[in-house]
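These notes are about the structure you will find just below.
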Amino acid sequence: MIEYEGRVFRPPSEAYSLIVQVTIGCSHNKCTFCDMYKEKRFRVRKIEDVKHDFDVARRMYPNVRRIFLADGDALMCRAEHMAEILRYIRQVFPECERVTSYGSPASILVKTQEELNLLHELGLEMIYLGLESGSDEVLRRVNKGETADEIVRAGLMVKTAGMKLSVTCIAGLGSMELSEEHAVKTAEALSRMKPEYIGLLTLLFELETPLMRDWQEGRFYLMNPIEIAHETLILLEHIDAEGSVFRANHASNYVNLAGTLNRDREAMCQRLRQALEGKIQFRNEAFRAR
């Protein structure tokens, strides 16, 4: 059978993908808002073990169109290691149309542009990158580990390689103190990258994290739905990412938004204004989840 260590995390769009762990856990694993991978020690899996999982999957599934390489930072393995895995996927799953992975800024920046180009040529089609915020102060406070400029540079390297880029950011991450800066600078960072996909989540506490403890002990203010809607409106009013597909329809979001920038920006802004006027209901807290 296919081995899988710990809890499974994957982007919503990978719901029907074959998921195989290339690495275990997250190489950084120190963001104060994140409760993922905490039970795992980061390591790169032996290539023979990864190939074994693909062999097992081949026997189990006659038609594999999409493959997601887990865990939180599969791209952190050496370029030649990833290249061998991608070549094996081509050999074992000739029908596969898309291979994707999470990529931390560090795992991208440690590679040369030529290495990223090669990985794309071998079938790596899209990278999911966490921006979280375009504000360096917010990034510092949540211990992201990189500046906004570094994250933007990583995203642009992915795009230069010919891969698609999917970027996530988190509403409410700067609290009220940094809300406007968080919104404006996140919009600026997204505008610089112009990723194919933008996913806006909303900060939510479920399992214990350092930031959740700060909130419980009164050191962090968790913004309410009205404040989040105001912040999101500022972000959308400042963004210029022509052609980017924008989604804020995750279970954590208070108001569902979906459109393509810049074409649908005003319609999404209007939906937020309607929510602020009480014409659209915010999602009930009981139905919010990761």
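The values are calculated or read from the model by the stated rules, or taken from the named source; none is laboratory data. The shown structure was predicted, so the numbers you read here are calculated from the model rather than taken from an experiment. Cβ atoms come from the backbone with ideal geometry, glycine included; neighbour counts cover every protein chain shown. The protein model used for the area step is the full one, side chains on, heavy atoms only, and it has no ligands, DNA or RNA in it. Shrake-Rupley method; radii C 1.70, N 1.55, O 1.52, S 1.80 Å.
Angle of helix 79-92 to the longest C-alpha principal axis of the chain, folded into 0 to 90 degrees and rounded to 10: 70°.
Can you give me the % of accessible surface on the chain that is carbon or sulfur? Probe 1.4 Å, all protein chains present, nothing else counted.
50
With one equal scatterer per alpha carbon and no solvent term, the Debye-computed log10 I(q)/I(0) for the chain at 0.08, 0.12 1/Å reads -0.34, -0.77. As a ratio to 2.2 N^0.38 Å, the alpha-carbon radius of gyration computed for segment 207-290 takes the value 1.22. With θ taken as phi - 60° and the Karplus curve 6.51 cos²θ - 1.76 cosθ + 1.60 applied, the whole-hertz 3J(HN,Hα) list for segment 186-203 is 5, 4, 5, 5, 5, 5, 6, 7, 6, x, 5, 9, 10, x, 9, 9, 10, 3 Hz, x standing for glycine and proline. For segment 237-290 versus segment 6-80, the spacing of their alpha-carbon centroids is 30 Å. By how many degrees, 0 to 90 and rounded to 10, does the Cα axis of helix 47-60 deviate from the longest principal axis of the chain? Long axis of 47-60 versus the principal axis of the chain: about 90 degrees.
For the chain, taking a cut-off of 4.7 Å between Cβ atoms, the unpaired cysteines are CYS26, CYS77, CYS96, CYS169, CYS269. Taking a probe of 1.4 angstrom, what is the accessible area of LYS185 in Å², to the nearest 10? Ignoring ligands and nucleic acids, LYS185 comes out at about 90 Å². Between the amide H of THR260 and those of PHE246, distances stay under 5 Å, these residues lying 5 or more places away or on another chain, with hydrogens modeled in the peptide plane. Report summary: the helix-based calculation at 222 nm, which adds -39500 (n - 2.57) for every DSSP H run with n ≥ 4 and divides by the residues of the chain, gives -11500 deg cm²/dmol. The mean sequence distance of close C-alpha pairs (under 8 Å, at least 6 residues apart), as a share of the length of segment 178-250, puts its relative contact order at 62 percent.
Taking the solvent-accessible surface of protein heavy atoms with a 1.4 Å probe, what is the per residue accessible area of the chain in Å²? Before the final figure, lay out the partial values.
Working: 13370 Å² over 290 residues.
I get 46 Å² per residue for the chain.
Listed by chain and number, the lysines whose alpha-carbon sits under 19 Å from that of LYS30, ignoring those within fewer than 8 places in the same chain, are LYS38, LYS40, LYS144.
Accessible surface comparison of MET176, MET157, probe 1.4 Å, protein chains only, largest first: the order is MET176, MET157. Dividing the mean sequence gap of close Cα pairs (under 8 Å, 6+ apart) by how many residues the chain holds gives a relative contact order of 13 percent.
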